[in-house]
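Engineer: Below is the structure I would like to discuss, written out as structure tokens.
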Amino acid sequence: MTARRAMPADLAQVQTVVEAAFAPYVPLIGRRPAPMDADYAALIAAGQVWLLDEGAVMACWPEDGAMLLDVLAVVPEAQGRGLGARLVALCEAEARAAGLPAVTLYTNAAMAGALRLYPRLGYTETGRRVDQGFSRVFFRKAL
């Protein structure tokens, strides 16, 4: 299980993973979660998307003095195998390599699995608010 930067040829695979990972949340949220409509071609071109061929995707980049973990997606059949935690650790390593002091992220308040995962990985909840029409929970981890 080696994570690699996604390449333009991986676009369809990235989109398939994201669609499968977030589709179960559409009825809970009442609309498509934001990651389902991200511009993955642009994110891949910028070198901001990582892929595990086993069915997981992450997008992260420096923003506001920290590494923003913007997307973490694992296909339902691969969940529970540590793929998400592995990609979070990669994001943290990227932050350290860039000299950034923290990783920040947000998730939808309806995503119970994510709300359990991030604190287990050392993230602290920093706030809850409606942002871009979504009920979001914000987290931060100092490195």
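Engineer: If you place +1 on the Cβ of every Lys and Arg, -1 on the Cβ of every Asp and Glu, and leave all else neutral, what size is the dipole of region 1-120 about its Cα centre, to the nearest 20 Debye?
Structural biologist: On the way: 9 positive and 12 negative charges, 68 e Å.
Computed charge dipole of region 1-120: roughly 320 debye.
Engineer: A further question follows. Dipole of region 4-142 (Lys/Arg Cβ +1, Asp/Glu Cβ -1, origin at the Cα centre): which of Val88, Gly122, Pro24 lies farthest to the positive side?
Structural biologist: Gly122
Engineer: Something else about it: Please identify the DSSP H helices in the chain that span no less than 15 Å along the helix axis (Cα) and have a mean Kyte-Doolittle hydropathy of 0.0 or more.
Structural biologist: Values: long enough: 11-22 (17 Å, 1.12); 83-97 (21 Å, 0.71).
Qualifying helices, which must be both long enough and hydrophobic enough, are 11-22, 83-97.
Engineer: Select one label from (i) 4.04; (ii) 0.97; (iii) 1.10: the one whose number is Cα Rg over 2.2 N^0.38 Å as derived from the coordinates shown.
Structural biologist: This structure yields the entry labelled (ii).
Taken together, the values in this text are just the output of simple stated rules run on the coordinates, not laboratory data. Here the structure is a predicted model, which is why all the values come from computation and not from measurement. Don't worry about glycine lacking a Cβ; one is built from the backbone with ideal geometry, like all the others, and counts go over all protein chains shown.
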